[in-house]
Amino acid sequence: MFKFNQIKIGILTATFLTAGVLPAHVFAEIQANKGSEDVKRLADVVVTAQYKQQNIQDVPSAITAVSGKDIAAKGQTFIGDVLTFAPNAKAQNTDGDSRPRWYIRGLGTGDVAASTVYPVGIYADGVYSNSPVAGGGDLFDLERIEVLRGPQGTLYGKNTTAGAVNFISRKPNFNDQPNGYVTFGLGEYNLHTFEGAANTKLSENVAIRGAFYSEDRDGFAENLATGKSYGDVDKKSYRLQILAKLTDNTDALLKLHSRTYNGNGSNGSLAVGKYWGIYDAPDSRDANVDLNESGKIDNDGASLTLNSKIGDLNFTSISAIDQTKQLSFTDGDSTPYDVSRSYANNEWKQFTQEIRLASDASKPFSWIAGAHYFDEDLDANGVSARVNKLQPNGISNQIASNPAFRQTTVDQSNQSFALFGNSTYRFTDAFSLTGGLRWTWEKKDLALNLLQYQTADTSSGAWWTKEGYNNISYVTASGANGTENRKKTWKEFTYDITPEYQISEDVKTYFKYAHGFRSGGFNTGISGSLSQLSTVDPEYLDSYELGIKSQLLDGNLIANANVFYYDYQDIQTNLLVNVQGEGGGVTSILTNGPKAEVKGAELELDYLATDNLRLRLAAAYLDSEYTDFVDRNPVTGAVSANNTGNSLVRSPKYTLGIGGSYTFNLDDGARIVLGTDASYRDREYFLVNRQNHTVDPYLSQKAYTLWNANIGYQSANNKYQINGYVKNLLDEEYQTHGRPNGAVGQYVRTFGAPRQIGASVTVKF
């Protein structure tokens, strides 16, 4: 559908031909006059969460903004590292750096099917990406990251019941002189990073900015079977933006982007337990697998954003294409024995178009109206295979209950159209009311093909490929082979209403009610029969949030707090099913049914205690519970467990982020910044139906704390910067994921990153 080779060449050429340093301040400052004295205060943070520029304190919603300079100062290379001060928000690398699993206020999904939609919407410069690997992009040349907590269905659309995340890049500028920066970084585990950006004005009406990022490092573990590191990563990203002033009232921004990810061991196949009664998997961070596991992602795209002033109205159009390819190979048994393996080959192609018309936001009555179109094609190919030989315990690997070869191919098209509107009326200087409404039409068309071999001869080829088999014996059970087609159309409304009241010049309060939904779809994680293919209905959420925002002590203290309540209906839940017995083999089945409630509270404090000392805190409480969850087999209807009362997965009851920074001003005008932060997470569970941590110790993570520290030097002329950092200072060992792996007592788990020490040097020109 799309070819991007020329785009890649163009980006590479532009970035190296046209090569701002990230400022060294860990905190931003502005100067304000108070009488005749100059006083320092926290900077105003401007966001576009409501499709208009606002001070973050004026947004009547729970939102956290992470600045690009903070990311650089702390050596943060993965999105999960930057959320210390975003309450109840987490993105962990449970599947390696390639695909973080986003959870906001306990809401996310553990389903790994290519067709699954996620309740956290991921946006890059306002463009939505439906691919499950979209949230793992590289953090380079960013203005900020906006994390919106709570349903955002009115403005952002479907699939934002948990929230929305928008990555906002730095845009071209019209400075008279070319400007840019380069950054070189080194760290433990043979880490090498290289980042840069260049900006130049081609004419009075055209400016261009190119940016690039490169990262490679060894893995944090050793593969005992090969003696090599496990979890290596190699990342490359490029971005090219051209800004043109078409008229005095109209500008156009063309953006091209490309990303490549290569990793080994990225699926976290760190087994534990006794396999086949003879092999004990290592109970450590190390792996012991015969297959050189690998994961690869290629993402390319382009977007065109038009902004125009039409009288008192503002017109915006965003057109975008995007293509993502994912290829992964996994050791299915997670042991050094060549027993089983699997691979996935997925491709997503999408086109989006959004148009918006907005009135003057300064008027007593203001509004935004728009339309959004989304078109996606998904081609997914998943294979699991078992070699035709004896298992380590002497039992044949290809027995009646274990097909030698299983291939599931999915061809799905997805079209969606939405009309939306949002308006605000200020009744008085103190009181205003905002309301929004969105209508969404969505259609999905699915063709699923299932192919299963009972036994076969692989003497002529590779046993994990369809072409490698001779003398094939097909699985004869009903529905074991063939094609199933499904088509479904949904029409849904989302809406919200938000009254807000300005208590004083520095304090405001708001109440927000929102109704959202997550898109329906199909359960493609079938484990042996076409009869398991089922329709998954949309999930619905009613959210109630009461919050207060304040900027006190002459602007030196920002204090925000909220309480919220969620009522979930038809929540989409994934259940793990063993499909291949001992030695590995599980599939994730997506289904509806449970009702759930979530209650929580959040507190954010940002305090400039002195001209040199900044302190921060983000505290959160979360009480989540399935109120009606009887675990039934989606195929047979048989009841296996009653999970009512269990908590939502990855929803610790208490989380805390604390930190601070101190700036030393040197005599020559240079400065040194010392910073530290810590994040605490209470116990969290990885599965909805296995929450007894004494029985399943590897399916949850007990409470833990991660400490980080950083030091930065900035020259007096602002041209040079040196940053050093330590992540996970105390080398805390903790899990980010765990799942059963076949027989009782067998598990596969993934660890978080160990202690990492590194430094970077930035040169500005």
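Full-extension gain between Asp554 and Tyr680, please, as 0.36 nm times their residue separation minus the C-alpha to C-alpha distance. If you can, show how the numbers build up before the last one.
Working: separation 126, 0.36 × 126 = 45.36 nm, distance 3.06 nm.
Length difference between fully extended and current span is 42.3 nm.
Using 1/(1 + (r/R0)^6) with R0 = 22 angstrom and r between the beta carbons of Asp668 and Val761, what's the FRET efficiency to the nearest 0.05?
Details: r = 19 Å, r/R0 = 0.85.
The formula returns an efficiency of 0.70 here.
Counting other Cβ atoms within 10 Å, which GluC sites (Glu not before Pro) in region 165-206 have at most 16 and lie in a DSSP loop? Please list the in-between numbers first.
Working: sites: Glu188, Glu195, Glu204; in loops: Glu188, Glu204.
Hits after loop and neighbour filter: Glu188, Glu204.
By the beta-carbon count within 10 Å of each Cβ, the least crowded to most crowded order of Val536, Val410, fewest first, is Val410, Val536. A Förster radius of 51 Å, combined with the Cβ-Cβ distance separating Asp338 from Asn642, puts the computed FRET efficiency at roughly 0.80. Taking Lys595 as the anchor, which lysines have their alpha carbon closer than 30 Å to its alpha carbon, excluding any fewer than eight residues away along the same chain? Correct list for Lys595: Lys90, Lys158, Lys443, Lys444, Lys487, Lys488, Lys491, Lys512, Lys653, Lys702. Which of the aspartates and glutamates could a cross-linker span from Lys325 if the Cα-Cα distance has to be under 15 Å and same-chain partners fewer than 8 positions apart are dropped? Qualifying aspartates and glutamates at Cα under 15 Å: Asp298, Asp300, Glu347, Glu376, Asp377, Asp379, Asp411.
Our estimate of slack between Asp290 and Asn249, defined as 0.36 nm per intervening residue step minus the Cα-Cα distance, is 8.6 nm. Note on region 215-311: lysine pairs with Cα distance below 23 Å, sequence gap of 8 or more or different chains, count 9.
With the simple spin-label model, which puts each label point 7 Å out from Cα in the Cβ direction, the Ile722 to Gln353 separation comes to 5.5 nm.
The simple spin-label model puts a point 7 Å past each Cα toward its Cβ; for Thr226 and Tyr513 those points are separated by 5.7 nm.
With the simple spin-label model, which puts each label point 7 Å out from Cα in the Cβ direction, the Trp441 to Ser504 separation comes to 5.2 nm. Compared with the alpha-carbon gap, the fully stretched path from Asp731 to Phe315 is longer by 144.7 nm at 0.36 nm per residue.
Rounded to the nearest 0.05, the FRET efficiency derived from the C-beta distance between Asn175 and Ser396 at R0 = 56 Å is 0.20. For the pair region 613-628 / region 317-337, the C-alpha centres are spaced 32 Å from each other. Residue-wise HN-Hα couplings along region 63-71, as the Karplus relation 6.51 cos²θ - 1.76 cosθ + 1.60 with θ = phi - 60° gives them from phi, are 9, 10, 10, 10, 7, x, 6, 5, 4 Hz; Gly and Pro carry x. Dipole orientation for region 647-765: of the candidates Ile722, Gly657, Ala670, Gly657 has the Cα lying most toward the positive pole (charges on Cβ; Lys, Arg +1; Asp, Glu -1). Determine the sum of side-chain charges near Leu253: Lys and Arg each +1, Asp and Glu each -1, restricted to other residues whose C-beta is under 11 angstrom from that of Leu253. Computed value for this residue: +2. In order along region 421-426, the Karplus-derived 3J(HN,Hα) couplings, from 6.51 cos²θ - 1.76 cosθ + 1.60 at θ = phi - 60°, round to x, 8, 9, 10, 10, 8 Hz, and Gly and Pro are given as x. Computed over the chain, the percent of Cα pairs more than 33 Å apart is 52.
Bear in mind these aren't lab numbers, they're just calculated from the coordinates by the rules spelled out. Keep in mind that what you see is a predicted model, and the values were worked out from it rather than measured. With ideal geometry, Cβ positions are generated from the backbone for all residues, glycine too; neighbour counts draw on all protein chains shown.
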